[in-house]
Amino acid sequence: GGPPSDPGSDTYKGWLFKWTNYLKGYQRRWFVLSNGLLSYYRTQAEMAHTCRGTINLSTAHIDTEDSCNIVLSNGGRTYHLKANSEVERQRWVTALELAKAKAIRMRNNQSDDSGDEEPASQSDKSELHGTLKTLSSKLEDLSTCNDLIAKHGAALQRSLSELENLKLPSESGEKIKAVNERATLFRITSNAMINACRDFLDLAETHSRKWQRMLQYEREQRIRLEETIEQLAKQHNSLERACRGAPGLSSTSTGITSTTKGSVQSAKGEASDEDEETEYFDAMEDAPAFITVTADPKHHRRSGSNLSGASEGHPEDWNLEDSVFESSNQSSYNESTCKDLLPKKRRRTRIPDKPNYSLNLWSIMKNCIGKELSKIPMPVNFNEPLSMLQRLTEDLEYHELLDKAVKCESSTEQMCFVAAFSVSSYSTTVHRTAKPFNPLLGETYELDRLEEFGFRSLCEQVSHHPPAAAHHVYSKRGWTLWQEITIASKFRGKYLSIMPLGAIHLEFHSSGNHYIWRKVTSTVHNIIVGKLWIDQSGEIEIVNHKSKDKCQLKFTPYSYFSRDVPRKVTGVVSDADGKAHYVMSGTWDEKMECSKIVQSSHGSTSTEGKQKTVYQTLSPKVLWKKYPLPENAENMYFFSDLALTLNEPEERVAPTDSRLRPDQRLMESGRWDEANVEKQRLEEKQRAVRRRREAEAVEALEEGKDYEGYIPLWFERKVDAVTGELICIYKGGYWEAKDKQDWSMCPDIF
């Protein structure tokens, strides 16, 4: 693994220590010097698929700080490197200087030998030759004009000389002399201009080959970069397939293991990136480290009591016969909601297939790096025929989890169902990489399932910039949910980050238990090339503000090199005293399980010096399992059974309902060109309303009056008593207006 003895060889490899940051200091990295480029990797094995950084030596500055240090700087990028010894440092410096000199010679090679000239396309040559021919033609025109100026100038000077010889008054003679001098200056200036033009043409002819070579070099660099990106995308997909297909990646053991740092390598700092942005994520540092071990069922017999005493930690309370957990084990769609599958209204089960329109996402997104996604005008080709309000309503797909939570007598047991519900809302996103429609200001969406499933839901777009939606759900089965979500999104070139901001509130009517949590960050990968895929990462802390119970859920980011099951979610439910009662485990795209803790102890110390907790648990019980997708889902935007019904036309809804949005309806019907035209019309109409509102605000300011701005129709802003945040709360009136069919207060937004 050491460097070769000859620093002048074409490729030079070896280990160096690279400065990362003040926390981790210098880290050992594998460096490869080839073709004037210095690249580095964490390990030698990474050379096959993951380069961590590259610096071009042709424009780099090489400096040495002391006997073992090397400093490379190129523009805004600087590498601080350290060798093991002064001799090794000198070998690297020699190799770097030779490679830099060679790279500069290759870049600045100005040989006029046509045999050495890089081949250029015929169009490039003809274009360049045409330009030179035009310059030559213009120069000939200037030369002709110069000859005429010289000829007429000489004639003019002769005439002026003859006039001077005539006997004229002294005043006239002086004027003629002045004119003669000006004519001479004019001829000298025109000659200088012609000489300058001739010099310019000579210079253009001299450097034409240099320009041509530089242009060709830049084009080759671009092609090489495109090929590299394409190759990386292919390697990405093959690695992903290999990881998913490898035996042992699917966990078959009875326990789960979670560490706080570096689930891939044990060495400090090896599990997190250093200088550059990366798509490789590692375990989050603040998650609780624990190990679960399934207890021997022989030592924990069942009894006749139910699970309501689960918070006491007695194993005999884990009873399958009559607990709420038993009913949650009926996880399939047909089993868990059999009584709900007899709706009074027959809902649709399919929508028109998605048209096969090809459009390059990168061609639009490359000019939008760093911008807020909601401010980027996007064609409907990248959308799905649902609005953000409907996507928000889709969180209720597994509402039966909350219906079961109502029946729980123990608050910690109830917390398990709330945690499973919070995870279930992400199950629909695994294949849904398309963007929902941005709602117009004042747009609403209702989902009235009071007779079928016992709940009714209402969403309203209460702000446009930043985009914010308020949501309120009432269930006659004993719970109410409300939230105001603001979507912050940033395009980072390689990936798109979507960060929902705002708290979700859930209150159970009979117990008064009030749960609050926030969503995690969603990331869409492979924006440039490759197949789009989405990941969820971060932590969710669910707090019961009445009993002070907590559940800490950790969404593990996807990593190519991790042995964990993809999309893993783990967590612990603890009471107000911090005592752990249940372990949550599963994946956000498939299922969540709950294991009752019967004993906890401190285990071994990890490599980071933190002690793990070992939880002895009973066998896990499935709380939630994802419904299977309907047939032909891949041609229907991967919509679930609920999503297929969300945009189904309904009577008696408000005129601002998302179902009535014309561009969204046209897109669902497959008429995308018409949908794009209609989308532009609606957006321009909204911009006109915003400009009018801004003008009214300016006018009110000039008159010294207060201007309230946009006021939501069905929600009002209040300070939340629990969190202290300003949040939009449902103020009532919508369902009464629907009963009366009085929508006179609704704005005309479509």
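DSSP loop (so not H, G, I, E, B), at most 13 other Cβ within 10 Å: list which GluC sites (Glu not before Pro) in the stretch 679-723 pass both filters. Let's see the in-between values first.
Numbers: sites: Glu683, Glu684, Glu694, Glu696, Glu699, Glu702, Glu703, Glu708, Glu716; in loops: Glu703, Glu708.
Those satisfying the criteria are Glu703, Glu708.
Write out the GluC sites (Glu not before Pro) in the stretch 432-463 meeting two conditions: DSSP loop, and at most 13 other Cβ atoms within 10 Å of their Cβ. Let's see the in-between values first.
Values: sites: Glu443, Glu446, Glu451, Glu452, Glu460; in loops: Glu443, Glu451, Glu452.
Passing sites in the stretch 432-463 are Glu451.
Largest first and in whole Å, what are the equivalent-ellipsoid semi-axes of the stretch 11-107 based on the Cα gyration tensor, each being the root of 5 times an eigenvalue? Present the calculation step by step, with values, prior to reporting the outcome.
Working: eigenvalues 73, 53, 35 Å².
So the equivalent ellipsoid measures 19, 16, 13 Å along its semi-axes.
In the stretch 11-107, carbon and sulfur make up what percent of the accessible area (probe 1.4 Å)?
Numbers: 2410 of 4720 Å².
Carbon-and-sulfur percentage of accessible area, whole number: 51.
So what are the stretch 668-737's ellipsoid semi-axes, whole angstrom, largest first, if each one is the square root of 5 times an eigenvalue of the alpha-carbon gyration tensor? Mind dumping the intermediate values first?
Numbers: eigenvalues 188, 116, 27 Å².
Calculated on Cα positions only, the semi-axes equal 31, 24, 12 Å.
So if R0 is 41 Å, what FRET efficiency would Leu139 and Leu98 give, r being the distance between their Cβ atoms, rounded to the nearest 0.05?
On the way: r = 45 Å, r/R0 = 1.09.
The calculated FRET efficiency here is 0.35.
Quick one: with all protein chains in place, what share of the accessible area of the stretch 389-448 is carbon or sulfur, to the nearest percent (1.4 Å probe)?
Numbers: 480 of 1050 Å².
Using a 1.4 Å probe with all protein chains present, the stretch 389-448 comes out at 45 percent carbon and sulfur.
Find, among the GluC sites (Glu not before Pro) in the stretch 486-567, those assigned to loop by DSSP (not H, G, I, E, B) with at most 12 other beta-carbon atoms within 10 angstrom. Please list the in-between numbers first.
Numbers: sites: Glu507, Glu539, Glu541; in loops: none.
Of the GluC sites (Glu not before Pro), not one in the loops of the stretch 486-567 has a Cβ with at most 12 other Cβ atoms within 10 Å.
Please list 3J(HN,Hα) in residue order for the stretch 37-46, calculated via the Karplus relation 6.51 cos²θ - 1.76 cosθ + 1.60 where θ = phi - 60°; whole Hz, with x for glycine and proline.
10, 10, 10, 9, 9, 6, 9, 5, 5, 5
With every protein chain left in place, what is the accessible area per residue of the stretch 147-217 in square angstrom, probe 1.4 Å? Let's see the in-between values first.
Numbers: 5350 Å² over 71 residues.
That works out to 75 Å² per residue.
Could you work out the per residue convex hull volume over the alpha carbons of the stretch 540-588, in cubic angstrom?
Numbers: hull volume 3.5 nm³, N = 49.
Hull volume over Cα atoms, normalised by residue count, gives 71 Å³.
Could you work out how far apart the two model spin labels at Lys24 and Val87 are, taking each label as a point 7 Å from the Cα in the direction of the beta carbon, and quote it in nm?
It works out to 3.1 nm between the two label points.
Quote to one decimal, in nm, the extra length available between Gln221 and Ser601 on full extension: 0.36 nm per residue of separation minus the C-alpha distance between them. Before the final figure, lay out the partial values.
On the way: separation 380, 0.36 × 380 = 136.80 nm, distance 5.86 nm.
Using 0.36 nm per residue and subtracting the Cα-Cα distance, I get 130.9 nm.
Suppose each label sits 7 Å from its Cα in the direction of the beta carbon; what would the Arg77-Thr54 distance come out to in nanometres?
0.9
Calculate, for Asp739 and Thr349, the FRET efficiency according to 1/(1 + (r/R0)^6) with r their C-beta to C-beta distance and R0 25 Å; round to the nearest 0.05. Present the calculation step by step, with values, prior to reporting the outcome.
Details: r = 29 Å, r/R0 = 1.17.
Once rounded, the FRET efficiency stands at 0.30.
Check the stretch 11-107 and count each lysine pair with an alpha-carbon distance under 18 angstrom, considering only pairs eight or more places apart or from different chains. Provide the component values of the computation, followed by the final result.
Values: Lys13/Lys82; Lys13/Lys100; Lys13/Lys102; Lys18/Lys82; Lys24/Lys82.
Lysine pairs meeting both conditions in the stretch 11-107 amount to 5.
Once the convex hull of the C-alpha atoms of the stretch 143-223 is built, how many Å³ does it hold per residue, rounded to a whole number? Can you show the working numbers first?
Numbers: hull volume 7.1 nm³, N = 81.
Spread over its residues, the Cα hull of the stretch 143-223 gives 88 Å³ apiece.
In nm, what is the difference between 0.36 nm times the number of residues separating Tyr707 and Ser161 and their Cα-Cα distance?
Working: separation 546, 0.36 × 546 = 196.56 nm, distance 8.36 nm.
Extending this stretch completely gives an extra 188.2 nm.
Between Thr64 and Lys685, how high is the FRET efficiency from 1/(1 + (r/R0)^6) when r is the Cβ-Cβ distance and R₀ = 56 Å? Nearest 0.05. Don't skip to the end; give the middle numbers.
Values: r = 65 Å, r/R0 = 1.15.
Computed FRET efficiency for Thr64 and Lys685: 0.30.
Structure shown: which of Lys494/Lys568; Lys554/Lys626; Lys490/Lys554; Lys435/Lys718; Lys519/Lys546 lie over 27 Å apart, alpha-carbon to alpha-carbon?
Numbers: Lys494/Lys568 23 Å; Lys554/Lys626 19 Å; Lys490/Lys554 23 Å; Lys435/Lys718 31 Å; Lys519/Lys546 21 Å.
Beyond 27 Å: Lys435/Lys718.
To the nearest 10 Å², what's Thr656's accessible area with a 1.4 Å probe?
So the heavy atoms of Thr656 present about 0 Å² to solvent.
What fraction, in whole percent, of alpha-carbon pairs in the stretch 486-615 exceed 17 Å separation?
Working: 5831 of 8385 pairs.
Summing the P(r) of the stretch 486-615 above 17 Å gives 70 percent of all pairs.
The values are calculated or read from the model by the stated rules, or taken from the named source; none is laboratory data. None of these values were measured; they are calculated from a predicted model. Note that each Cβ is placed from the backbone with ideal geometry, even for glycine, and that neighbours are counted across all protein chains shown. When the accessible area is computed, the model is the full protein with side chains, heavy atoms only, and any ligands, DNA or RNA have been set aside. Shrake-Rupley method; radii C 1.70, N 1.55, O 1.52, S 1.80 Å.
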